[in-house]
Structures are given as C-alpha cells and as structure tokens.
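The values are calculated or read from the model by the stated rules, or taken from the named source; none is laboratory data. Here the structure is a predicted model, which is why all the values come from computation and not from measurement. We place every Cβ from the backbone using ideal geometry, glycine too, and count neighbours over all the protein chains shown. Keep in mind that these areas ignore ligands, DNA and RNA; they rest on the heavy atoms of the full protein, side chains included. Shrake-Rupley method; radii C 1.70, N 1.55, O 1.52, S 1.80 Å.
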There are 2 protein chains.
Amino acid sequence: MPEPAATTRPLAHPGSAEIRLEGVLHALSDPVRLSIVRELAAAAEELACSHFVLPVTKSTTTHHFRVLREAGVVRQTYRGTTKLNDLRRADLESLFPGLLDTVLTAAGAEAARLNVPAAGVRP
Amino acid sequence: MPEPAATTRPLAHPGSAEIRLEGVLHALSDPVRLSIVRELAAAAEELACSHFVLPVTKSTTTHHFRVLREAGVVRQTYRGTTKLNDLRRADLESLFPGLLDTVLTAAGAEAARLNVPAAGVRP
DNA sequence: GCCGAGGTACGAGAACCATCGTAGGACACG
DNA sequence: CGTGTCCTACGATGGTTCTCGTACCTCGGC
C-alpha cells in the first residue's frame, strides 16, 4: 500500500451520490450543529474538534460531528490523535447549488437579529 | 367587529419575528412536508389540505401541516370546512433571502437525480 | 515502554417525533 | 334539522435523537 497519506484510521463518508437533501437539512436544523458549520465556514482551513467550544459534553460533540459527517456536510480526517473537520463545499455546491451559502447567510442574519436587536425599538 | 372576512375559525401563526431558521430547516427536513411545500410552490394559488395525495393518513397530514404552520412556512386560512394553504414567501424571503427558492431547486434536483437516473449508467 | 491528550464506543435515560385509530366539532347543502 | 365532508383532538405506540457518564482506544512524546 503506497498511500498512508495523512489519514491513519478509516472514517466512513457518504459519496456524493449518497447525500440526501433531507439529511442535510436535518443536520443543519440543530443549533449546535449549525454553529459548528458556521464556524467551519468562517474559518479558512480545517478545524480540530477540540477547537470548538460547545455547550455540551465531549461525547455529545462526537455525536454531532458524526451526524454532520454521515449527512455529507463535513469531511473528517485524522491527523495524529486529533480529527480535522472540513466543509464539503464542492460536493454540496454541485448537488444543491447555493444551498450552503444561503443557509449560512440566513444563519448569520438570524444571529444578528436575535443577539443584536440594538437600538431604536425597545429601551 | 367589522372583519369576519374569509376566515371563520382562528388559526395561530407565528409572526415574522418568531420564525426561527432551525424550525424552518427542521420543517423542511421531512420528506412528506418537503413534498407538500414543493407542490405549494408549484401551484400558483392556495391549495386545500384535501388536495394533497400523501402516503399517510389524514391525522398525520394534519400533524404535518401544523408543523409547517408553526414553523412559519405556510399560512392556513379556513374557507368553510376546507383549509387553504399558502406559502409565506414574502416573510421567508425577507428573513432568509433566497432560502426557499434554493431549497426548492435543490429538492427538484434531487428528485430528478433519484427518480430519473434514466440512461447511460445502469440497465 | 509508559503517560497524557484527543476522541470513541457503549450503554442508558429523557425527550421528541411520525404514525395511527377513533371520536368529535364546524360548516354546507339539502 | 339531518347528513355528509373536511378537518381536529386525543390518546397511544414505536422509533429516532439528544444528552450524558464511564470506560476504552490511538497516537505522539518522554
């Protein structure tokens, strides 16, 4: 085998053809997972699981990352003991053009709407 | 009260400010509900619940329409005994620009991909 | 070879959800 | 007023999901 490459342990990912729209929408409909995806989209590079500060335990974090991976939203690769996460932008874009960007924009708009009502409406 | 208008019984809808992205995505992540929304989008006018042919019983149909209504995706109004359904396009568009159209396009693409593999790949 | 840090597997429990059947309310039409 | 159609309410049930704690594994470095 001439290809140990960067990965050490195997991680099952769905192929592009296996990705289902309902699965993607469901994966994105959880607040924790949506925040993960938003942070991944904002970062220019892959992020380790340990980088994220989430309001759940480590076990639950693993669970959410698996849901995202099995839905085809993120790709995960081992790098030593740490696991790197990356959005599958190209796959999602070719399957559902514009979907990811639109959802990310919507999530940003909602975050701004909920967290920063700011001035002019109520004291 | 000078406004009996077209509605007879009251139906609770979330205001625009109450609509949450996660709720919308969750509402759209069910195949039955997604097919409802697709049909509503294709039709140029409001459709009665009884118009839809779904693989579930009437009770379950009621449930799905309620989920869509409470998520802010559809607006329902009574017209005699029948209930008319309409997409809340304007509200969704102003909250999450492009989201509905993108999801509908993606749903159409996926339907074409899954139902019509057609020629060239496998007999 | 051993330890620590990052992650996982395995239960396990609570909550939620989709589904159904049956009973019942609201309206139109006679 | 009675009857039928459309839809709803109310359980009830089985499945999925979110959450956790604990024990375990894998890798890198000492």
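Within region B:100-110, the set of residues being free of Cβ contacts under 8 Å to residues at least 24 places away in the same chain and either open to solvent by 20 Å² or more (accessible area, probe 1.4 Å) or not small (Gly, Ala, Ser) (or both) comprises B:ASP101, B:THR102, B:THR105, B:ALA109, B:GLU110.
B:ALA71 meets all of the listed conditions (1) under 17 Å from A:HIS26 (Cβ atoms); (2) out of contact with any helix residue (DSSP H, G or I) (no Cβ under 9 Å at 6 or more places or on another chain) but one, namely (2). Looking at region A:1-99, the helices (runs of 4 or more DSSP H) lying wholly inside it that each contain 1 or more residues that are exposed (fewer than 13 other Cβ atoms within 10 Å of the Cβ) sit at A:31-42, A:58-71, A:89-95.
Pairing each residue of region B:65-76 that is farther than 19 Å from B:ALA42 by Cα with any residue that is in a helix (DSSP H, G or I), provided the two are 6+ apart or on different chains, yields C-beta distances under 6 Å for B:VAL67/B:ALA27; B:ALA71/B:GLY23; B:ALA71/B:VAL24; B:ALA71/B:ALA27. For region A:41-68, the tally of residues that are over 21 Å from B:ALA27 (Cβ atoms) and within 13 Å of DNA strand C (Cβ to nearest atom) stands at 19. Residues that are at pLDDT 95 or above and more than 8 Å from DNA strand D (Cβ to nearest atom) within region B:65-83 comprise B:VAL67, B:LEU68, B:ARG69, B:GLU70, B:ALA71, B:GLY72, B:VAL73, B:VAL74, B:ARG75, listed in sequence order.
Going by the conditions given, is A:SER50 hydroxyl-bearing (Ser, Thr, Tyr) and modelled with pLDDT of 95 or more? Against the criterion (hydroxyl-bearing (Ser, Thr, Tyr) and modelled with pLDDT of 95 or more), A:SER50 does not qualify.
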